[in-house]
Amino acid sequence: MANDPTEETPLLQDEYAGSLPFLRDSLLRLESIQLDDLNQIDLLCPSQLSNHRALRASFSLLVLLLFREKKTQKKAVQYSPWDDWKDEALTDQWIQTIDENIELLWTTFLGEFCSSQDIELILWTEFRIDKKGKPLRVIDFVSKQPRLFNDRVMELSLLYRWKRGAPLNSSTSSQYLTPRYDALCTPWIYHAFDLASQIVFLLLLVSYVLNPPRPAFYSLPLEYIGFREIVLLVLSVSAILHSWTTSMPFALTLLAFVFKLPSAPFPSDFAFNILLLSIALLLVQLHLPFSPSPFLLFWPERSLPLAVLIVNGILGTTLKVLMFFLPVLLLSILFLSYALSDVFLLSSFAHGPAPMPTRELFFILAVFTFISMVLSVLILVPIFPTPARKSASWDQYSVSIGHKARVQFYHSVIRYSKPYPFPPPFNILHWVLISVPAHALPYFDISISFLFVLQKILWRVVVGPFVVIVRLLALKLS
């Protein structure tokens, strides 16, 4: 069923899940009107939301955001340059009018008293376009709309959710202990588990390359696969299942061990070099402003912009400078190597050592090119942060850096805001007992509604105790 709870279903909307309207009718109505009629149209046509101010605002914002995304993705028909220009101008007018309506809805909603649960409802409530559509939320489109993205209430709400999780429903949390127990795993704790698994993996992999097993003249099958190697394989599999985008070091490690079974990678093997490459990739990956990241653990509004600044300087400014000077740098190094060597790769073309002035020229050219690259990077990359207000610490280096840092933080909050999460390596258990049956049972016409209950029980028994320990440690350290 379309409204059956899933792993992604927020805890806050349980009591409304059976009565939430679909978005299709309102979207079709928007598509049938003219630009001048957008300000007059009433989007709150579903009668079942008439008594819920936050849900009314959430529904209306989501309709406008979906309509805005459709307008921005519209491609020109390319009849003629004039037609394309008129179409682009009309699209800009539509987007401007939609943004004005979004701002009006948001400011009107904030004009009255809003509890934490009201803010959560407007941002995280799931609607569907139709019965078979995927769940959609306002929070999924915030980074694409400037007014909502730069709003201070939005920033504070996501910081609150990152640290404390979703607000508890007072009608149930006061009667039962299980809602309070389930809410202990905040996005911050979920991210900390994910990051800790990668750090443990890194330490074990470093231990392996520093103290690898020594090959013997005769060995039994799997003799070199001990506890350390098994944990490395388990963490590799769990990381691959958890996220494909950051799984390259883990996939390489898994392949290196699998290809050497029943033995293990030795220093003389090519697979051992793959392990060294995995360490290098993971070390670089942990310094990027993408989750999981150490920059998200403490004061992300201060540390994350610094990471974005450095990465942008390396991948943006430095890479562009390198590409600009690369031809002359390669040529100067090539000619310098040829001039300083009596025997070269193309020695058949060399008739003798190059004259000293020639060597000096190419040496000066290579040094000058390198110094020019360094100076270009120092000139183009901002070094010192600009003074910023306390409320604008995201923009301490620049507005564009702050924007990119907030985008990464908002995406991290969304990614780790899942009910009953199974961080690595617990996600292997979830994949075997929940994910695989959820995809296989519908082919046999078997209902999967019991899997949601099983997921709750499994989380409370397996993951919950570790969450309690981390929560207690965090309280003692704070």
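Based only on other Cβ atoms within 10 Å, what is the fewest-to-most ordering of PHE370, PHE335?
In order of increasing Cβ crowding within 10 Å: PHE370, PHE335.
Pull out the extension gain between ASP130 and THR72, defined as 0.36 nm times the separation in residues minus the alpha carbon to alpha carbon distance; nm, one decimal.
18.7 nm
Under 1.5 on a/c is rounded, so check that first for region 388-478, then, if it is not, pick prolate when a/b is larger than b/c and oblate when it is not; a ≥ b ≥ c are the square roots of the alpha carbon gyration tensor eigenvalues.
Verdict is oblate for region 388-478.
Given a Förster radius of 35 Å and the C-beta distance between ARG147 and ILE448 as r, what FRET efficiency does 1/(1 + (r/R0)^6) yield to the nearest 0.05?
Efficiency, rounded to the nearest 0.05: 0.30.
Leaving out same-chain residues fewer than 8 places away, which lysines sit with a Cα under 21 Å from that of LYS131?
Hits, sequence-local ones excluded: LYS70.
Go through THR125, ILE102, TRP85 and say which Cα lies farthest out towards the positive end of the charge dipole of region 84-138; charges sit on Cβ, +1 for Lys and Arg, -1 for Asp and Glu.
The residue sitting farthest along the positive end of the dipole is THR125.
Which ³J(HN,Hα) values in Hz, rounded to whole numbers, follow from the phi angles of region 178-191 under the Karplus curve 6.51 cos²θ - 1.76 cosθ + 1.60, where θ = phi - 60° and Gly and Pro get x?
4, x, 5, 5, 5, 7, 5, 7, 7, x, 5, 5, 4, 5
Can you sort VAL321, VAL432 so the residue with the fewest Cβ neighbours within 10 Å comes first?
VAL432, VAL321
Within region 245-279, name every residue whose backbone N is under 15 Å away from a label modeled 7 Å from Cα of TRP431 along the Cβ vector.
Counting only backbone N, you get 245-255, 258.
Compute the distance in nm between two label points, each set 7 Å from the Cα along the Cα-to-Cβ direction, one at ARG24 and one at SER393.
Here the answer is 4.7 nm between the modelled labels.
Among LYS260, LYS134, what is the fewest-to-most ranking by other Cβ atoms within 10 Å?
LYS134, LYS260
Can you flag which of LYS163/LYS476; LYS134/LYS404; LYS75/LYS134 are past 20 Å Cα-Cα?
LYS134/LYS404; LYS75/LYS134
Which order do the peptides 20-27, 57-64 take when ranked by the mean count of other beta-carbon atoms within 10 Å per residue, highest first?
57-64, 20-27
Along Cα→Cβ, 7 Å out, is where each label goes; now give me the distance between the ones at LEU203 and ALA474 in nm to one decimal.
So the label points at LEU203 and ALA474 sit 2.0 nm apart.
For LYS456, which lysines qualify as cross-link partners when the Cα separation must be under 18 Å and same-chain residues fewer than eight apart are set aside?
Straight-line reach from LYS456, under 18 Å: LYS418.
Assign unit charges at the C-beta atoms only (+1 for Lys and Arg, -1 for Asp and Glu), then state the dipole size of region 19-161 relative to its Cα centre in Debye, rounded to the nearest 20.
620 debye
Every number here is computed from the coordinates shown, using simple stated rules; none is lab data. All figures in this text were calculated on a predicted structure; none of them were measured in a lab. Here the Cβ is made from the backbone with ideal geometry for all residues, glycine too, and neighbour counts use every protein chain on show.
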